[in-house]
Each structure stands twice: as structure tokens, then as C-alpha cells.
Amino acid sequence: MAKNKLKLFDAFAGYGGASWGLKKAGIPHEVVGYSEIDKFAIGLYELNHKGIKNFGDITKIKPENLPDFDFFTGGFPCQTFSSIGHGKGELDPRGTLFYDIIRICEVKKPKFILLENVKGLTTNSHRPTFEKIIKELKRIGYNVQWKILNSKDYGIPQNRERVWIFATTKEIPLGWHFEPKKEPLKKFFKDLLEENPDKSYYLKQYQTKRLREVTGVDFKVKEPSCFDRYNKQIRKDGICMTISPSYHNIMRVVEIKTNGHDKVRKMTPKEHYRFMGFEDDEIDLNGFSYSQLCNCAGNGWDVNLVSKIMKKIYELN
Ligand SMILES: C[S@@+](CC[C@H](N)C(=O)[O-])C[C@H]1O[C@@H](n2cnc3c(N)ncnc32)[C@H](O)[C@@H]1O
């Protein structure tokens with residue numbers, strides 16, 4: 001029997017990770033609306049997903065004013081739960097946006113809900129908030145599963161651990177889980193780098209010298225590698241550290257020295273998006289600054305992993 005087209009409401013949309021995931025998975029769908037407040041994320045979303053209505057600030061949305069949908073997605077803002085942020089959790093108003101998800105889903109009752117946040121939401125002091133989230137979803141009538149997934153286990157060489165929460169009004173068949181099957185990496189850090197990045201991305205020699213002095217790291221590598229400035233280490237596992245918004249930008253690419261000179265550079269926007277699961281030219285990045293693009297990538301969903309999660313969820317449709 002032919003399956004119905006999924007009607008998606010893409011909340012906290014960013015560049016539209018959920019829409020990209022469905023598209024990449026080849027799942028028939030229609031995006032009935034999205035919710036986003038960041039000017040640049042909206043710009044990037046609209047450039048790539050034409051003619052979809054933005055319902056704006058989720059805290060102001062009246063569920064009755066939304067069109068019907070059967071899939072609600074949302075990577076609700078994670079700053080307050082991330083180990084990089086200040087860790088204020090629910091004390092920060094941004095930590096309470098989850099309640100708007102509940103408020104909307106309680107009325108609209110979509111068949112499926114997919115939420116994402118940083119792994120930190122499940123640990124230590126944030127655990128009670130996490131448990132409250134699961135409890136609230138159950139209270140409004142959902143069967144719930146959750147799992148921490150890492151992008152590097154699904155084909156993209158990025159260490160990106162995120163907690164994914166799936167909720168459905170349907171019965172979950174025994175033994176079924178939305179977690180996609182893990183697969184060994186076929187491509188590594190070096191394979192996702194551009195061949196000839198623009199010279200402007202390279203640090204000057206006095207800058208690499210300073211970086212060497214400050215971090216105590218010798219930029220000697222056998223192959224292009226990821227340098228984590230925060231932890232003062234060059235990754236040797238061929239995997240990219242977690243891509244984060246550029247205000248936390250602590251990531252560099254270290255290339256093989258030429259004539260004894262260090263070659264250290266920033267990652268290009270194109271590379272950022274490759275590490276977020278995009279093929280070249282799949283997403284239009286024109287007209288945005290380096291930091292706007294990197295912020296959206298750092299906040300975004302790994303669309304390769306999302307497409308695999310979407311395929312699993314579609315099994316239940
Ligand atoms: C972690 S990002 C989600 C990224 C998205 N999943 C993607 O694939 O790009 C959270 C997003 O929520 C947006 N946001 C924050 N507060 C919001 C609000 N009150 N209403 C709607 N969106 C909001 C932020 O601007 C940010 O783009």
C-alpha cells in the first residue's frame with residue numbers, strides 16, 4: 001500500500017536539517033512550515049527551501065494557527081546544556097523552549113516527533129531536565145525512545161555526539177528502534193578537505209609560531225589532520241572534532257609542512273558543510289559571511305545521519 005506523504009513542521013529550523021534529511025532519504029514529504037528567529041539561519045533556509053512559511057518565534061506560536069502536520073522536528077537550542085555553555089540549564093529562558101514543543105504537540109498531535117540536543121542534556125545536573133522531557137512527551141500520549149548517536153558511526157568522520165529523542169503516537173513494534181545501523185567509516189578527515197583552499201584561510205608564520213608557543217604543539221603531521229586548540233592536541237584518528245558555532249571556533253586544519261614551514265589553516269565553509277553531511281553544491285551558501293555559515297553549520301544537524309534516521313522512522317509510517 002502506498003504510504004502517505006509526510007507533512008513536516010521544521011521547528012528551530014536552522015538550515016533545515018530535518019528537511020534536508022527527508023530530501024536526502026528520498027522520502028515523499030511536504031514542509032508545511034518552519035520556525036526560526038535567527039536572521040542568517042532564515043536567510044540560508046529560504047535560499048534553499050523556497051516558499052515555506054516561517055512562523056517565527058516558537059514561544060509566540062498559537063498551535064491553532066498552524067497548518068496540520070504529522071511530523072514535528074526540533075533541535076531545540078542547546079547552549080544551556082552544552083559543556084561549552086554556562087551550564088545554567090533550565091534557569092536560562094533558552095533552556096525552557098522545550099515546553100513550547102510540548103504546548104504545540106499536545107494540540108497538534110503529530111504522529112512523529114524527532115528532537116535533538118547535545119549529549120550534555122543527558123548527564124549530571126541536566127539529567128532531571130532530560131527526564132522531565134521524556135516524561136512530558138509520555139504525558140501527552142507518546143511512546144518515546146532516545147539514543148546518543150555519533151556522526152562518525154554513520155559515515156561522516158566527525159565526532160558529533162548528540163542525543164536524539166523520537167516520539168510517536170503509534171505502537172512501537174517489539175525490537176524496533178529508530179537508531180540506524182552503524183557502519184565503518186570509508187572517508188576520513190583528510191578526504192573531506194578541499195584540494196586548493198584559498199590562501200586567506202592559512203595562518204601567517206608568526207601566527208603559527210605563536211600558536212605553537214601557546215599550545216606547546218609541534219605541527220608535524222603525516223597527513224592533514226584536525227587540530228583541537230582547546231585541548232591542545234592534533235587528532236590522530238582521522239576524525240574531525242565536533243564542529244561548533246564559530247564563536248567557539250577552536251578547530252584548525254594542520255597540513256604537512258612545506259620547506260620546514262608550518263601549514264595551519266581555518267576550515268573553509270565548504271568543508272564545514274561536508275562534515276555536516278552535505279555533498280558539494282547540494283546546499284547554496286552564496287551571500288553569507290564566513291562566520292554566518294560556520295555558525296549555522298555548528299548549530300546544524302548532520303544531514304547524512306538525519307537521512308538515515310528518517311528512513312528508519314518512515315518504516316513506521
Ligand atoms: C541547535 S539549532 C537547530 C539547528 C537545526 N536543527 C539545523 O539543522 O540547522 C537551534 C535553532 O533554534 C533557533 N531558535 C532559538 N530560539 C528560537 C525561538 N524562540 N523560536 C524559533 N527558533 C528559535 C536558533 O536560532 C537556532 O537556529
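Points to keep in mind about this one:
- Residue match in segment 50-65 (condition: away from the ligand (no atom under 16 Å from the Cβ), modelled with pLDDT of 95 or more and assigned to a strand (DSSP E or B)): no
- Residues (within 21 Å of the chain's Cα centre (by Cα) and among the polar types (S, T, N, Q)) located in segment 47-61: ASN48, ASN54
- Options GLY16, GLY26, GLY87: the member that is modelled with pLDDT of 95 or more, of a type outside the set (D, E, K, R), in the same structural domain as MET310 (by TED's automatic domain parsing) and more than 18 Å from the chain's Cα centre (by Cα): GLY26
- Residue match in segment 165-177 (condition: of a type in the set (Ser, Thr, Tyr), more than 30 Å from LYS138 (Cβ to Cβ) and either in contact with a Leu (Cβ under 7 Å, 6 or more places away or on another chain) or touching a residue at least 24 places away in the same chain (Cβ under 8 Å) (or both)): no
- Within segment 206-241, considering residues that are surrounded by 12 or more Cβ atoms within 10 Å (Cβ to Cβ) and of a type in the set (Phe, Trp, Tyr), the one modelled with the lowest pLDDT: TYR230
- Any hit, segment 257-265, residues being in contact with a helix residue (DSSP H, G or I) (Cβ under 8 Å, 6 or more places away or on another chain), outside the structural domain of LYS170 (by TED's automatic domain parsing) and more than 23 Å from ASP191 (Cβ to Cβ): yes
- Number of residues in segment 20-49 that are in a helix (DSSP H, G or I) and surrounded by 24 or more Cβ atoms within 10 Å (Cβ to Cβ) equals 4.
- Top-ranked residue of segment 105-129 - restricted to ones that are within 12 Å of the ligand (Cβ to nearest atom) and in contact with a Lys or Arg (Cβ under 9 Å, 6 or more places away or on another chain), ranked as modelled with the highest pLDDT: GLU116
A quick yes/no check of all residues on (1) under 18 Å from ALA41 (Cα atoms); (2) of a type outside the set (A, V, I, L, M, F, W, C); (3) more than 16 Å from the ligand (Cβ to nearest atom):
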residue: GLU213; (1), (2), (3): no, yes, yes
residue: ASN231; (1), (2), (3): no, yes, yes
residue: VAL254; (1), (2), (3): no, no, yes
residue: ARG265; (1), (2), (3): no, yes, yes
residue: CYS294; (1), (2), (3): yes, no, no
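- Residue in segment 151-180 that is farthest from ASP302 (Cα to Cα), counting only those that are of a type in the set (A, V, I, L, M, F, W, C) and not in a loop (DSSP other than H, G, I, E, B): ALA167
The values are calculated or read from the model by the stated rules, or taken from the named source; none is laboratory data. Computed from a predicted model, the values in this text were never measured in an experiment. Positions of Cβ are backbone-derived with ideal geometry, glycine not excepted, and every protein chain shown enters the neighbour counts.
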